[in-house]
1. Output yes when any residue across segment 103-123 is farther than 30 Å from residue 213 by Cα, charged (D, E, K, R) and surrounded by 14 or more Cβ atoms within 10 Å (Cβ to Cβ), and no when none is.
2. Can you name the number of the only condition in (1) more than 30 Å from residue 63 (Cα to Cα); (2) at pLDDT 85 or above that residue 369 fails?
3. Given the options 290, 239, name the one that is of a type outside the set (Asp, Glu) and over 28 Å from residue 162 (Cβ atoms).
4. Scan segment 24-45 for residues that are under 40 Å from the mean Cα position of the chain (by Cα), open to solvent by less than 70 Å² (accessible area, probe 1.4 Å) and under 21 Å from residue 13 (Cα atoms) and jot them down.
5. Which residues, counting only those in segment 54-74, are in a loop (DSSP other than H, G, I, E, B), in contact with a Leu (Cβ under 9 Å, 6 or more places away or on another chain) and open to solvent by less than 30 Å² (accessible area, probe 1.4 Å)?
6. Mind checking which residues of segment 301-355 are open to solvent by 10 Å² or more (accessible area, probe 1.4 Å), modelled with pLDDT of 85 or more and hydroxyl-bearing (Ser, Thr, Tyr)?
7. Restricting to segment 143-162, give me the number of residues that are without any contact (Cβ under 8 Å) to a residue 24 or more places away in the chain and open to solvent by less than 60 Å² (accessible area, probe 1.4 Å).
Amino acid sequence: MSTLTDPPTESFRLSQLIYDTRYRSITIQVVAFILILAGMAWLVNNTISNLQALGKDFNFGFLKNAAGYDINQMLIEYNNQMSHGRAAMVGILNTLLVAFLGCLTATVLGVFAGVLRLSKNWVVNKLMAVYVEAFRNVPLLLWIILIFAIMTESMPRPNDFRGEDATSSMILGDSVAVTNRGIWIPRVGFTNSISGQEAVAPTEGAVPLASGLFDWVVIFGVLGLSILAIRFIRRRADRIQEATGVRPVTWYQQIVLLFVPVGIALFALGATIVQPYLRGFNFTEGIHLRNSLIALWFALSLYTGAFIAENVRAGILAISKGQSEAAFALGLQPNRTMSLIILPQAMRVIIPPLISQYLNLTKNSSLAIAVGYMDVRATLGGITINQTGRELEGMLLLGGFYLVLSLLISGAMNLYNRSTQLQER
């Protein structure tokens with residue numbers, strides 16, 4: 001029962017959806033959501049209508065059809081009688097290979113150049129400044145083509161390594177050959193392979209990791225277990241140090257755990273070094289790094305490394321000079337101060353933009369088609385689409401791959417980023 005002191009109840013009016021701040025934000029969101037759904041419905045309906053007009057349907061059955069084209073570099077077994085899905089997988093692995101190598105090398109170059117950009121040595125400082133400015137301000141595609149042209153035009157031909165009076169020779173103990181067709185380096189073969197077959201020379205264009213795939217799984221599995229054991233020993237040493245103030249000596253245990261189990265696995269599998277050698281008109285055996293892979297790898301690394309260098313420099317400058325002064329007062333050398341004091345704190349500033357650079361490098365790898373590197377853009381997004389006429393399906397799969405890969409990289413790096421943040425109470 002209401003009383004005279006109760007405020008009058010206001011009835012709801014439609015005008016409140018626009019003029020009342022309590023409802024306006026909800027109204028805008030609902031309207032925007034409806035418009036987005038309507039736009040998507042129109043786009044899907046228009047696409048279906050156009051496909052019907054062209055006599056096409058929407059399905060991914062083409063992935064089971066024979067591809068009918070060759071791929072010049074493979075991490076897994078493939079021939080032109082296999083399916084378009086298999087060809088797409090070869091391209092995906094090639095993309096992952098160059099993205100992994102590029103991110104790893106770009107990080108090393110970026111950290112190195114970023115630290116040297118702050119060097120008090122004028123020559124070193126300016127040399128790093130020239131590197132950063134040159135690669136940041138020239139399009140990546142030009143660097144890819146330039147490095148590819150240098151490898152193709154200036155390196156010796158395989159025929160130059162032939163005969164007693166050869167004009168060129170292999171380097172590093174006659175184990176590495178640098179030619180205008182690429183670089184040949186030694187590979188690891190397994191005489192006691194898990195598959196029961198002795199290691200043989202891979203087919204042309206294949207990187208011989210696939211020939212001993214299960215053997216490498218065992219080796220990397222043993223290495224992973226060794227790393228976990230090393231982490232356990234380190235954490236145990238941390239607990240002892242916190243409890244007693246004295247840290248036990250564990251470096252020899254870590255070295256044993258890192259090398260001995262892997263060495264035993266290699267010995268059990270009969271690991272041997274297989275060196276490349278000249279046969280016929282080209283080198284054989286070993287691992288063949290094609291010019292297209294080298295050009296793409298080096299260009300992506302140098303280009304992205306220049307951006308990472310600026311991120312590293314900004315992160316270091318964000319740390320108070322008092323940190324360095326305190327370290328010097330304790331007697332720490334500049335290199336130890338940088339590795340133990342400055343860089344660990346600067347990582348909180350460096351990692352967020354570093355994630356973006358990793359994503360940019362991964363997506364920029366799609367420029368591989370300019371030098372004939374058969375990545376997923378060239379296989380699934382190129383030849384497969386041209387042969388099957390499935391432009392929509394192919395582009396959806398290609399976009400989905402890059403989306404999933406970018407989200408995985410971003411998620412993994414964000415997890416690492418959270419581990420470097422300050423733990424507040």
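The values are calculated or read from the model by the stated rules, or taken from the named source; none is laboratory data. The model shown is predicted, which means the values in this text are computed figures rather than measured ones. So basically every Cβ, Gly included, is an ideal-geometry build from the backbone, and we count neighbours across all protein chains shown. Keep in mind that these areas ignore ligands, DNA and RNA; they rest on the heavy atoms of the full protein, side chains included. Shrake-Rupley method; radii C 1.70, N 1.55, O 1.52, S 1.80 Å.
1. For segment 103-123, residues farther than 30 Å from residue 213 by Cα, charged (D, E, K, R) and surrounded by 14 or more Cβ atoms within 10 Å (Cβ to Cβ): present.
2. Failed condition: (1).
3. 239
4. Result: no residue meets the conditions.
5. 73
6. 303, 320, listed by residue number.
7. 2
Yes/no matrix, rows are residues, columns are (1) open to solvent by 30 Å² or more (accessible area, probe 1.4 Å); (2) small (Gly, Ala, Ser); (3) at pLDDT below 90:
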| position | (1), (2), (3) |
| --- | --- |
| 374 | no, no, no |
| 384 | no, no, no |
| 388 | yes, no, yes |
| 393 | no, no, yes |
| 406 | no, yes, no |
| 409 | yes, no, no |
| 423 | yes, no, yes |
